[in-house]
1. Tally up the residues in segment 275-289 that are over 20 Å from the mean Cα position of the chain (by Cα) and in a loop (DSSP other than H, G, I, E, B), please.
2. Could you tell me which residue of segment 77-104 is surrounded by the most Cβ atoms within 10 Å (Cβ to Cβ), considering only residues that are in contact (Cβ under 8 Å) with a residue 60 or more places away in the chain and in a loop (DSSP other than H, G, I, E, B)?
3. Could you please let me know if R305 is open to solvent by 40 Å² or more (accessible area, probe 1.4 Å), more than 18 Å from F222 (Cβ to Cβ) and of a type in the set (D, E, K, R)?
4. Can you tell me which residue in segment 212-251 is surrounded by the most Cβ atoms within 10 Å (Cβ to Cβ), limited to those that are under 21 Å from T297 (Cβ atoms) and charged (D, E, K, R)?
5. Filter segment 127-149 down to the residues that are open to solvent by less than 20 Å² (accessible area, probe 1.4 Å) and assigned to a loop (DSSP other than H, G, I, E, B) and list them by number.
6. Hey, any hits in segment 17-27 for a residue that's at pLDDT below 50, polar (S, T, N, Q) and not in a strand (DSSP E or B)?
7. Taking V254 as meeting all but one of (1) open to solvent by 10 Å² or more (accessible area, probe 1.4 Å); (2) under 21 Å from E106 (Cα atoms); (3) among the β-branched types (V, I, T), write down the number of the exception.
Amino acid sequence: MLVRPRNTDPDGYTTCRNGDWKILRSHDPDKGRPARPRGEDIRLWRDGDIAGTEMLRALRTAHRYPAHSHDEFVIATFEAGAQHHTVASRPGLAVPGSVMVISPGEVHTGEPAAQAGMWSYRAFYPKTEVLEEIAEDLFGRQGIHLDFGRRPLWQDREAANHLSRMHARIEGARDPLEKQDALLSAFAPLIRRYGQSSTGTARRQPPAGNVGRAIDLIHACFEQRLTTADIARSVGLSDFHFMRSFKEKTGMTVHAYLTQVRLQAAKDRLAAGLSPAETATSVGFFDQSHFTNHFRTSFGVTPRRFAASCC
């Protein structure tokens, strides 16, 4: 449940209603307005007919994605150009015919490879339960954990072409059953070929100790104006020690993680019909321009275009 903290005590601290956290209010220091890359066409959307899976189609993109992670799996197929990336600090190169699978929580980046300049790809972002329900049927067992191993990239043109066809079929279809059939047809062969049922999972485990408490705080109080210093003091650590520990455990800076949590919440509110301006302030951004810049940097499209694509 999303929390809307409002109570401020005389010392200038704001207290979350669902906990004992006290956060010193401070100005958000993030600045900068990244320029929109030229020569690209990116669409990011949700479709109510295939609940639990977000979709992205990017043509001739030169967008550079900063370090981030997703709560969902990433399943991408590459159609043109070349993309340089890092997944869990390991570099790689995706080219036409590549298939990428990134587990929830894995920090990754993406940018055009120097020799290509731009690349085109399609991606699915299915929630874990969507894939595991398919895997349970394929493997004939219930309560399994789906794992694609530590390797995020395969050169498999047959699988890549199939994923591209199913993705395009979903994008162009109007019949809900056609969309659902295409989604199953996209995921089942991939799970059968590269997935495995295991008692463990390749997903990042929740960090322990003070960093874990800080993550809980961020998820509970992201709607407030928070800074690294605010959160560090709230868990009893010096700024430097906290920043270093947080990045060691999560692979991201505190500010980057907080921004990501806000953006994920923003997508839910935009898809539910909230305006970009209302969404910006409701999830903790300084203003709509600030929110739009971060949203476009992370997802390649504006909040308004994402909202218009959700149905």
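The values are calculated or read from the model by the stated rules, or taken from the named source; none is laboratory data. Predicted model only: the values in this text are computed from it and were never measured. Heads up, the Cβs are rebuilt from the backbone with ideal geometry, glycines too, and the neighbour counts pull from every protein chain shown. SASA here: full protein model, heavy atoms, side chains in, ligands and nucleic acids out. Shrake-Rupley method; radii C 1.70, N 1.55, O 1.52, S 1.80 Å.
1. Looking only at that region, the number is 3.
2. Once the filter is applied, the top-ranked residue is S103.
3. Yes, satisfied.
4. The qualifying residue surrounded by the most Cβ atoms within 10 Å (Cβ to Cβ) is E223.
5. Within segment 127-149, I144, F148 meet the criteria.
6. yes
7. Going through (1) open to solvent by 10 Å² or more (accessible area, probe 1.4 Å); (2) under 21 Å from E106 (Cα atoms); (3) among the β-branched types (V, I, T) one by one, V254 breaks only (1).
Condition check ((1) outside any helix (DSSP H, G or I); (2) surrounded by fewer than 16 Cβ atoms within 10 Å (Cβ to Cβ); (3) in contact with an Asp or Glu (Cβ under 6 Å, 6 or more places away or on another chain)) across all residues:
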| site | (1), (2), (3) |
| --- | --- |
| E106 | yes, no, no |
| G110 | yes, no, no |
| Y125 | yes, no, yes |
| R151 | yes, yes, no |
| A160 | no, no, no |
| L163 | no, no, no |
| D181 | no, yes, no |
